[in-house]
1. By the scheme Lys and Arg +1, Asp and Glu -1, what is the net charge of all other residues having a beta-carbon under 15 Å from that of residue 69?
2. Can you work out ³J(HN,Hα) from phi for every residue in the stretch 24-29, in order, using Karplus 6.51 cos²θ - 1.76 cosθ + 1.60 and θ = phi - 60°, giving whole Hz and x for Gly and Pro?
3. Rounded to the nearest 0.05, what FRET efficiency do residue 65 and residue 141 have when you use their Cβ-Cβ distance and R0 = 25 Å?
4. Beyond 22 Å, what share of the Cα-Cα pairs of the chain is found? Please give it as a whole percent.
5. What does a probe at residue 54 reach in the stretch 155-192, counting residues whose amide N is under 17 Å from the point 7 Å along Cα→Cβ?
6. When only C-alpha pairs under 8 Å and at least 6 residues apart count, what is the relative contact order of the stretch 17-83, in percent?
7. For the stretch 106-118, take each phi angle, set θ = phi - 60°, evaluate the Karplus expression 6.51 cos²θ - 1.76 cosθ + 1.60, and give the result in whole Hz per residue in order, putting x for glycine and proline.
8. Figure the gain on full extension for residue 189 and residue 38 (residue separation times 0.36 nm, minus the Cα-Cα span) and round it to one decimal in nm.
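Derivation of every value follows stated rules applied to the coordinates shown; laboratory data play no part. Every value quoted in this text rests on a predicted model; they were computed, and no experiment measured them. Cβ coordinates were reconstructed from backbone atoms using ideal geometry, including for glycine residues, and neighbour counts include every protein chain displayed.
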Amino acid sequence: MIKGLLFDLDGVIVDTAKYHYLAWKQIADELKIDFKLKDNELLKGVSRERSFEIILELGDRKMSREERNEYCRRKNIIYLEYINKMTEEEILPGVNEFISDAKKNAYKVALGSASKNASIILTKIKLKDPFDAIIDGEKVSEAKPNPEVFTKCACALGLKNEECIVFEDSAAGIQAAHNANMLAVGIGTKENLPKADMHLYEFEGINVQKLIDILGENPEADTI
Ligand code: BG6
Ligand code: MG
């Protein structure tokens, strides 16, 4: 029986991928590495450190760990300039209503994000209070697709892994949910997230109980 809903942050609650892209683009330009918007897909759900390694791989470049750390630090300063301007207007359509609906129906709700900036973002968009637990990049040591972040969410909610479902926009996150023995709802298309158990384009107009019933009865259910 499903008792908990676990939400990724970037790409599920807010569209911060564009800010990650702009910040990485600035770093890549400086290093004269050709980094395009389509390459940004590779960075979704992936840790900051791994993101930079992927960018270096795209440019066929190598760097010492110290240098990589310095670029990651600088990228985050640029990223924070965008994040600091965020407001609740940037919460994706239907997210507030969906979470309220979940809480009214006595589901527990947690945030499970790879981001070390999750707390700042939730403060900026005024969305900390509804979460019964927040597990972010500061609290995990293994990146998705390792299940650690979602296993810690379930534990913090006092639930078993299989009592939770995950909402994710990245392939690494869907895999992390499955590795934790949880069903995963992909926020995106079947083409982008072929392994998700169900797909949603967005939360607008989605009824929590209906979604859980469909997922429970038919885990192969298509986009609703
Ligand atoms: C994930 C994003 O949520 O967080 C990734 O999808 C990002 O693109 C990762 O690299 C780490 O984020 P941050 O904010 O700690 O640099
Ligand atoms: Mg995401």
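1. That sum, taken over residues with Cβ under 15 Å, equals +4.
2. 5, 4, 4, 5, 5, 4
3. 0.90
4. 49 percent
5. Hits in the stretch 155-192 for residue 54 at 17 Å: 168-177, 187-189, 191-192.
6. Computed value for the stretch 17-83: 42 percent relative contact order.
7. 6, 7, 8, 10, 9, 9, x, 10, 7, 7, 7, 9, 4
8. Result for the pair: 52.8 nm of gain on full extension.
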